[in-house]
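A short worksheet on the structure shown next.
The values are calculated or read from the model by the stated rules, or taken from the named source; none is laboratory data. As the structure is a prediction and not an experimental result, all values here were calculated from the model. Virtual Cβ from ideal backbone geometry, glycine too; neighbours counted across all protein chains shown.
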Number of protein chains: 2
Amino acid sequence: MKFKIDNLQYCNWSREVFEINRKANLDAVHVTVVYHQDFDEFCTEIKNWDKLLNDNSDLIFLGKDYKDIEKAKSEKKTAIFFGFQNCSPIEDDIDLVKKVHELGCRFMQLTYNNQSLLATGCYEKFDSGVTNFGREVIREMNRVGIVIDMSHSAEKSTFEAIEFSEKPIAITHANPSFWHPAKRNKSSDLLKALSDSGGILGLSLYPHHLKGNTNCKLDSFCEMVARTADIMSIKHIGIGSDLCLNQPDEVVTWMRNGTWSKSKNYGEGSKSKSGFPKQPEWFKDARGFDNIEEGLKKIGFAEIEIDGILGNNWYNFYKTI
Amino acid sequence: MKFKIDNLQYCNWSREVFEINRKANLDAVHVTVVYHQDFDEFCTEIKNWDKLLNDNSDLIFLGKDYKDIEKAKSEKKTAIFFGFQNCSPIEDDIDLVKKVHELGCRFMQLTYNNQSLLATGCYEKFDSGVTNFGREVIREMNRVGIVIDMSHSAEKSTFEAIEFSEKPIAITHANPSFWHPAKRNKSSDLLKALSDSGGILGLSLYPHHLKGNTNCKLDSFCEMVARTADIMSIKHIGIGSDLCLNQPDEVVTWMRNGTWSKSKNYGEGSKSKSGFPKQPEWFKDARGFDNIEEGLKKIGFAEIEIDGILGNNWYNFYKTI
């Protein structure tokens with residue numbers, strides 16, 4: 001079986017977006033449901049998703065485990081897996097881990113850029129690693145079946161999450177820093193440790209994570225995939241596009257600032273380029289998977305390897321959750 | 001004027017407790033209103049306090065600034081100042097700092113033992129210092145007039161809070177570690193930096209912070225005060241008894257564990273001694289201020305120094321808020 005999976009999107013969800021994902025033949029998408037929302041606010045988002053799932057039940061349904069990826073393929077639909085980019089919904093309550101799992105959560109970042117109650121984000125000056133509460137939460141996430149996602153975390157915290165977690169962890173959306181040294185991209189040592197522990201990397205198509213940003217060439221991206229496969233097992237590389245289709249710029253401002261600052265932070269952007277960056281021509285939306293497929297063929301990957309990168313590796317990872 | 005101030009109590013509040021504090025001639029008490037409660041839960045606590053303040057208006061009233069300490073003395077009442085032992089009520093929202101100030105908050109710990117969104121607690125393995133959000137919150141606390149309290153914080157975080165805060169900070173309830181090396185007590189270097197920056201230490205009467213615990217001798221306590229005055233300016237030493245009068249043991253379990261752990265943490269206690277420790281004979285409640293006064297006289301402090309330690313130093317500190 002060949003599965004196509006985009007393991008991170010945060011689009012302005014609409015029928016149009018779900019149709020595009022179907023045209024791209026995506027069998028599964030891990031969608032970001034919340035960033036900085038607390039538990040009650042997460043429940044409100046779930047209500048919005050109930051409506052989306054209901055109104056578009058010919059295109060999508062809520063995925064619970066890897067079998068729903070198989071089901072999606074056979075029904076020509078896209079399975080939607082819920083995830084959080086910050087740990088705000090569990091607040092300071094270990095029992096909420098089980099609760100959010102019951103409500104559909106399958107991925108949770110321990111931190112989004114800043115320090116959280118669990119670990120340190122990549123925008124902090126010092127990285128103290130996984131906290132006391134963080135250790136408890138990792139154990140509970142392992143138990144109930146929520147994947148630890150360290151995409152926005154600082155390095156020491158990520159190494160510790162790999163060490164403390166009994167199940168493989170994920171970096172759902174980031175690229176190697178050897179290719180493009182952005183704050184959010186990951187060191188080769190870290191990627192090796194991730195792969196060695198059974199964890200998986202979702203390569204990002206978000207321009208700030210790409211060499212040359214919006215002008216990044218497909219060839220350069222595919223060359224990067226080949227070099228990454230020298231560091232990591234090729235079976236532990238997938239796609240997590242970080243696609244934010246149709247989102248207004250206010251959303252990226254909120255993602256970066258939440259409610260924690262009086263002044264404005266521009267994150268990966270800058271004052272003059274504060275909005276969402278423009279996607280490269282070859283990945284304007286999920287239909288860009290076809291371009292990546294072509295590019296990977298051209299650079300010499302075997303078909304089985306390409307199938308892995310475009311979805312089968314994520315499918316196999318879902319089996320471990 | 002001679003003021004008597006206990007700058008930290010977390011009693012099981014009742015008319016009986018307020019009467020004892022009046023018998024002890026306390027003009028002001030900084031009371032812990034919340035530990036791990038979020039903003040909504042803090043509002044509930046405020047409602048409870050509204051009733052307490054109303055039902056006991058012949059004994060207590062809500063204090064807003066140092067003038068209310070003067071008012072309390074002239075009216076023979078005790079001014080109650082609200083404080084938080086954790087930063088949970090401001091959640092992840094910088095604008096809630098002003099809101100909690102409006103609702104009466106005058107002291108807030110940046111952390112309670114564990115890592116918070118602001119800084120590191122003294123029970124964490126690594127101390128990353130004040131976080132990005134922490135810097136923003138310190139600035140806002142300075143602006144609106146809430147004192148930064150680092151009683152339960154780790155050392156590097158405390159040094160940084162002293163450095164980043166434009167106003168003097170407080171350690172409302174702890175003792176020097178040279179006397180009793182408990183995790184919650186403070187190093188001489190830290191106490192010196194606190195004093196040099198205009199900050200103040202409230203000496204604790206909580207048995208886990210005392211040499212010999214429950215069996216601590218008054219002479220030993222007073223000798224410690226004298227040695228502390230060799231490190232810090234004697235004008236920056238006061239009392240923050242940490243008195244938990246009439247609290248059931250469930251409360252200390254909750255203080256230590258909040259909702260963050262599946263297993264049980266005993267904090268400063270142990271499995272066999274998990275409850276509140278017994279107070280020493282000479283400080284069973286706030287009337288023990290008289291015993292401390294006698295002890296400080298005996299060891300050779302001048303009257304003006306003793307008046308400072310028992311309340312005037314805190315009164316002067318309140319003027320800086």
query: Which residues, counting only those in segment A:218-268, are over 18 Å from A:Gln9 (Cβ atoms), assigned to a loop (DSSP other than H, G, I, E, B) and not aromatic (Phe, Trp, Tyr)?
result: A:Met232, A:Ser233, A:Gly258, A:Thr259, A:Ser261, A:Lys262, A:Ser263, A:Lys264, A:Asn265, A:Gly267
statement: Going through segment B:94-120 in order, the residues found to be of a type outside the set (Val, Ile, Thr), facing chain A (nearest Cβ under 9 Å), free of Cβ contacts under 8 Å to residues at least 40 places away in the same chain and out of contact with any Cys (no Cβ under 9 Å at 6 or more places or on another chain) are B:Asp95, B:Gln115
- request: Name the helices (runs of 4 or more DSSP H) wholly inside segment B:1-111 in which the number of residues that are at pLDDT 95 or above, over 30 Å from B:Gln279 (Cα atoms) and hydrophobic (A, V, I, L, M, F, W, C) is 3 or more.
  value: B:95-102
message: With away from chain B (no Cβ under 11 Å), part of a loop (DSSP other than H, G, I, E, B) and not hydrophobic (A, V, I, L, M, F, W, C) as the only criterion, which of A:Ser151, A:Ser128 stands out?
response: A:Ser151
- request: For segment A:38-75, name all the residues that are among the polar types (S, T, N, Q) and in contact with a helix residue (DSSP H, G or I) (Cβ under 6 Å, 6 or more places away or on another chain).
  value: A:Asn56
task: Mind listing whichever residues of segment B:121-149 are acidic (Asp, Glu) and without any contact (Cβ under 8 Å) to a residue 60 or more places away in the chain?
output: B:Glu124, B:Asp127, B:Glu136, B:Glu140
field: Enumeration of residues in segment A:49-104 that are hydroxyl-bearing (Ser, Thr, Tyr) and in contact with a Phe, Trp or Tyr (Cβ under 8 Å, 6 or more places away or on another chain)
entry: A:Tyr66, A:Thr78, A:Ser88
Checking A:Met255 against (1) in contact with a strand residue (DSSP E or B) (Cβ under 7 Å, 6 or more places away or on another chain); (2) within 16 Å of A:Tyr35 (Cα to Cα); (3) aliphatic (A, V, I, L, M), the condition it does not meet: (1)
Selection count where residues are β-branched (Val, Ile, Thr) and modelled with pLDDT under 95, scope segment A:272-321: 2
message: Scan segment B:83-93 and tell me whether some residue there is more than 20 Å from A:Gly129 (Cα to Cα) and touching a Pro at 6+ places or on another chain (Cβ under 8 Å).
response: no
message: Any residue that is out of contact with any Phe, Trp or Tyr (no Cβ under 9 Å at 6 or more places or on another chain), in a loop (DSSP other than H, G, I, E, B), touching a residue at least 12 places away in the same chain (Cβ under 8 Å) and surrounded by fewer than 22 Cβ atoms within 10 Å (Cβ to Cβ) - is there at least one of those in segment A:198-210?
response: no
query: Are any of the residues in segment B:121-131 surrounded by fewer than 19 Cβ atoms within 10 Å (Cβ to Cβ), under 30 Å from B:Gly212 (Cβ atoms) and charged (D, E, K, R)?
result: yes
- request: Tell me which residues, restricted to segment B:269-292, are crowded, with 18+ Cβ neighbours inside 10 Å and among the charged types (D, E, K, R).
  value: B:Asp285
- request: Could you list, in sequence order, all residues of segment A:137-165 that are touching a helix residue (DSSP H, G or I) at 6+ places or on another chain (Cβ under 7 Å), of a type outside the set (Gly, Ala, Ser) and buried (at least 24 other Cβ atoms within 10 Å of the Cβ)?
  value: A:Val137, A:Ile138, A:Met141, A:Ile146, A:Ile148, A:Met150, A:Thr158
message: Just to be sure before I move on: is B:His36 within 14 Å of chain A (Cβ to nearest Cβ) and out of contact with any strand residue (DSSP E or B) (no Cβ under 7 Å at 6 or more places or on another chain) in the structure I sent?
response: yes
